Amino acid sequence: MSHPADPRRRSFFGGLAGLAGLGAVTTFSRPAAAADSGEPTMPPNQISLAQWSLHREIFGGKLDPLRFAEVTMTRYGLAGCEYVNSFYKDKIGTPGYLASLKKVADDHGVNSLLIMCDGEGALGDPDEKKRRQAVDNHQRWLEAAKFLGCHSIRVNAQSAGTWDEQLDRAADGLAMLSEKAAPFGLDVLVENHGGLSSNGEWLAGVMTKVAMRNCGTLPDFGNFSLGGGKWYDRYKGVTQLMPFAKAVSAKSRKFDADGVESETDFARMMEIVRYAKYRGWVGIEWEGGAPSEHEGILLTKRLLEKTGCVAARTGDGPFDVGPAGGAIDAR
């Protein structure tokens, strides 16, 4: 399905093609080099917490999802939180619930950044009616995100068919949803999250086809499984997705005895992120089985801090680096 020309569509995607089309990246000059050239130094990226990092504690009844923002600050000293819709589907319609959720965040000086949305249908469904229904299913999360003060919702580009068919269908659904999100002042972000979306080349192609200012990516450091034991190169994939990034997920699954993530070179990933001039939040998403969720979050936080990211500064309140930032900031 085609869409009429939209004033929000970018005219400068061609200028991003060079970075999006890069292969695996080995090294980048660190941002500090900017000081030697007389260019202003980019501020550090602030660390946020993705709610999925605590999914076992929440599903196990040990943590009320209403208190997520509180725990983000009081337990981890982080000033940004990323909600997951799975924990709120049966609560979002309860009168006063969103107001309570917002109050918890406000009371603890925590920025509500985005809502990760799953289970609302395939935005690239081959059936156009189902595709439109999936778009409509996200309406309540747009409303919730707006109320909470988020900058985005994170969605999936699930589809079926050939490479080109899926690209066209996913782009169509995302364009419709981005048009719906525009009056709310919200961005629609796609994560590499299974299927062809875990192929950086394909997802970058979807972004180029949608070409709307409020449609971007949420590159995840680890979600590059193509199925059948095959993996897309994660460094190549993040490089291809960063030109469109409005959020970043620092996925961690395993740590060695020295506190180093054994699946992903975080220093290399953060060089890719910084090279793209991304100024937004970098979200911790611990997904490992051991150590515990609490320990995994702390280890990931320390690792990000070693790469130059920062947490909330005690006594100073939230350290504001902007709602999204990045190479294609929509605002």
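Computed from the coordinates by the stated procedures, all read-outs in this text should not be read as laboratory data. Please read all numbers here as calculations on a predicted model, not as lab measurements. Ideal geometry is used to build each Cβ from the backbone, glycine not excepted, and the neighbour counts take in all protein chains shown.
Annotations for the structure displayed:
- Assuming charge only on the beta carbon of Lys and Arg (+1) and of Asp and Glu (-1), the dipole of region 41-306 about its Cα centre is about 440 debye to the nearest 20.
- Here the alpha carbons of region 94-141 define both size measures, Rg and Dmax, at 15.1, 45 Å.
- Spatially, region 92-147 and region 54-83 are offset by 18 Å when compared through their Cα centroids.
- Report note on the peptides 173-179, 82-88, 124-130: ranked by the mean count of other C-beta atoms within 10 Å, highest first, their order is 173-179, 82-88, 124-130.
- Residue 127 versus residue 184: modelled label distance in nm, points set 7 Å from Cα along the beta carbon direction: 2.5 nm
- Modelled FRET efficiency - R0 45 Å, residue 230 with residue 91, Cβ distances, 0.05 increments: 0.70
- Cα pair count fraction exceeding 27 Å, expressed as % - region 41-306: 35 percent
- Legend: ranking of residues 286, 281 from fewest to most surrounding C-beta atoms inside 10 Å; resulting order 286, 281.
- q = 0.12, 0.16, 0.21, 0.26 Å⁻¹, region 128-188: log10 I(q)/I(0) [Debye, one scatterer per Cα]: -0.29, -0.49, -0.78, -1.06
- When every Cα-Cα distance of region 160-297 is counted in 5 angstrom steps from zero, the calculated P(r) takes the values 2, 10, 19, 21, 19, 14, 9, 5, 2, 0 percent.
- Sorted on the mean count of surrounding Cβ atoms within 10 Å across their residues, most packed first, peptides 236-249, 59-72 read 236-249, 59-72.
- Cα pair distances in region 175-228, grouped into 5 Å bins until the bin that holds the longest one, percent each: 5, 21, 28, 20, 15, 9, 2, 1, 0
- In this simple spin-label approximation, residue 260 and residue 59 carry label points 7 Å from Cα along the Cα→Cβ vector, and these lie 3.2 nm apart.
- Close amide H pairs (under 5 Å, H built 1.01 Å from N) link residue 49 with 80, 81, 82, 284, residues at least 5 positions away or on another chain.
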